[in-house]
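K.L.:
This structure is in C-alpha cells; I'll ask about it shortly.
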Amino acid sequence: MRIQSKLPHVGTTIFTQMSQLATDHGAINLAQGFPDFAVDQRLKDLINHYVQGGYNQYAPMTGVPELRQAIARKKSGLYGCELDPDTEITITNGATEAIYSAISALIRAGDEVIVFEPAYDSYVPAIEVNGGIAIPVRLRSPSYRIDWNLVQELISPATRMIIINTPHNPTGTVLGQADLEALQDIVADTDILLLSDEVYQHLIYDGRRHESVLRYPELFRRSVVSMSFGKTFHATGWRIGYALAPPAITAEIRKVHQFNTFSINRPLQHALADYLADPEHYLALPAFYERKRDLFVQAMAETPFELLPSAGTYFILASYRNLSDLGDQAFARWLTREKGVAVIPISSFYSDGTDERIIRFCFAKTDELLRAAAQRLQ
C-alpha cells in the first residue's frame, strides 16, 4: 500500500530525541521543558477529592462551567478583559490542541500564515497539514526582536493569520506595548486573524508586565489566545489548557475540538476551578522562577558559555561560539554524551535550520539539579 505523507519532512521531534539521549547516557535533562519538582499538594488533594466524588465521566465539550467561569474571573482581574464563559472560553487538551484546533478551523488551502522563527515546533506542521503556507520571519540573536516593517512588507492578499508567542519559546524574549501597538496598526482594516500563544503568561521577570492580546480589544476581536495550566502549575503531563476567542471564532474552533478530543479530564477541571480561587497560586510564579533563573545564571558564571538574557519562560539560551565549531545539533549531542547535560539546539526551531551555535537550557528544575548541571559544564 502506498502512503502519501501530508508531512513528508516531519520526523521525531528534537525534544523526544534529546530526552531519549539523556536517558541513554545518564545525562541531566535540561532539554525538554518540564519541571522536575512536585505539584502543590493542595491541588493533588483537590483532584483526588473529585475522583473519589465520582466526577469521572465525560465533561461538557466546552469544559465544565465552573472552570470556564474561574478563567473569566482570572482574566478580568489580570487584564481587564470581560470574557463570556459560555461563548469565548474552551477547555482543550493542552495549549497545543488549542493551537491545532484554531489553525484547523481557520486556515484553508493556500492561506498564508506569518510565523516568527525560532518558533515552537507545532506551528508549521499544523499550518501545512491543513494546506496553509507558513511565511517565516527569522529573528536573530542576541535580541530576537521583531522588525515590524518587515512584517508589513510580507503582508499579501493571501495572508490569513499571524502567530505570536510571548513570553517566547525558545528565546525567553517578551513583547512589549510598542510591539502590540505595531501589530495592531498592521492588521487594522484587514481580515487577518491572530493566534497568540501565551502559555508562559505568568513566567515573566524583572518587573515586566505581560502584554496579553486580552489587553487590546482591537486585537482580541480577531484573535485566538492559547494558554496552559500545565505550564502554570508544574504539571505538563496533565495536558490541560484553553482557547480564548470571540464568539464567532470560538464557534469554529469548537467544531474541530468536538471531533478531535471532544472533552477534557473532568476531575482535573473541577480541581483547577477550585484552585484558581486563590490568585497567589499564580501571582507568586514570577518571583519563584526568576530566582531559579538567577541561580542558574550565577552557577553558570564559571562555565565557557555565554548566556543570553531571559525575560520570560523557563528557558535561557547560551552561545558556545567561543567553545566549539560544531553545528548546534552535533554540539548538543556531544554535550549530552560527553559532559552529561542534555540541551536543545536552536536550529530545530527554524524551518531552514538556521544555526547560530546557540543552545537552550530549561531551568525549571530543582536547585540541586541546576547546580549539578553547571558543575558538569565548568
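K.L.:
Using Cα pairs under 8 angstrom and six or more residues apart, how large is the relative contact order of region 269-378, in percent?
P.N.:
Dividing the mean separation by the residue count of region 269-378 yields 30 percent.
K.L.:
Right, next: Cα-based Rg of the chain per 2.2 N^0.38 Å, rounded to two decimals?
P.N.:
For the chain, the normalised Cα radius of gyration is 0.98.
K.L.:
Over all pairs of distinct alpha carbons, what does the Kirkwood formula give as the hydrodynamic radius of region 57-279, in Å?
P.N.:
17.6 Å
K.L.:
List nothing, just return the count: lysine pairs in the chain, 8 or more apart or interchain, with Cα separation under 19 Å.
P.N.:
Lysine pairs meeting both conditions in the chain amount to 7.
K.L.:
Roughly what % of DSSP beta bridges within region 57-279 run antiparallel, to the nearest 5?
P.N.:
The antiparallel fraction comes to roughly 30 percent.
K.L.:
Please arrange 288, 34, 349 by how many other C-beta atoms lie within 10 Å of their C-beta, fewest to most.
P.N.:
288, 34, 349
K.L.:
How big is the equivalent ellipsoid of region 12-111 along its three axes, where each semi-axis is √(5λ) from the Cα gyration tensor, reported in whole Å from largest to smallest?
P.N.:
31, 24, 15
K.L.:
May I ask you to sort 164, 358 by Cβ crowding, counting other Cβ atoms within 10 Å and putting the fewest first?
P.N.:
By the 10 Å Cβ count, ascending, the order reads 164, 358.
K.L.:
Hey, another quick one. Which whole-Hz ³J(HN,Hα) couplings does region 235-245 yield from phi under the Karplus relation 6.51 cos²θ - 1.76 cosθ + 1.60, θ = phi - 60°, glycine and proline marked x?
P.N.:
9, 5, x, 6, 6, 9, x, 7, 10, 10, 6
K.L.:
Over the chain, what is the mean sequence separation of C-alpha contacts under 8 Å (at least six apart), divided by residue count, expressed as relative contact order in percent?
P.N.:
Relative contact order of the chain: 26 percent.
K.L.:
Residue 191 versus residue 155, label points 7 Å from Cα toward the beta carbon: distance in nm?
P.N.:
1.5 nm
K.L.:
Rank these for me by crowding, 220, 363, going from fewest to most other beta carbons within 10 Å.
P.N.:
Starting with the residue having the fewest Cβ neighbours, the order is 220, 363.
K.L.:
With the convex hull built on the Cα atoms of region 140-208, state its orientation-averaged projected area in nm².
P.N.:
Approximately 5.2 nm², given one-decimal rounding.
K.L.:
Another question, if that's okay. Using Cα-Cα distances under 8 Å and only pairs 6 or more residues apart, what relative contact order does region 57-279 have, in percent?
P.N.:
Averaging sequence separation for qualifying contacts and normalising by length gives 31 percent for region 57-279.
K.L.:
Starting from one equal scatterer on each C-alpha and no solvent at all, send me the Debye-based log10 I(q)/I(0) for region 158-275 at q = 0.10, 0.24 Å⁻¹, two decimals.
P.N.:
-0.34, -1.44
K.L.:
So if we plug the beta-carbon distance of residue 3 and residue 321 into 1/(1 + (r/R0)^6) with R0 = 45 Å, what FRET efficiency do we get, rounded to 0.05?
P.N.:
Rounded to the nearest 0.05, the efficiency is 0.60.
Quick note: the coordinates plus some simple rules give every number you see, no bench work behind them. Given the structure is predicted, the values throughout are model-derived calculations rather than measurements. Heads up, the Cβs are rebuilt from the backbone with ideal geometry, glycines too, and the neighbour counts pull from every protein chain shown.
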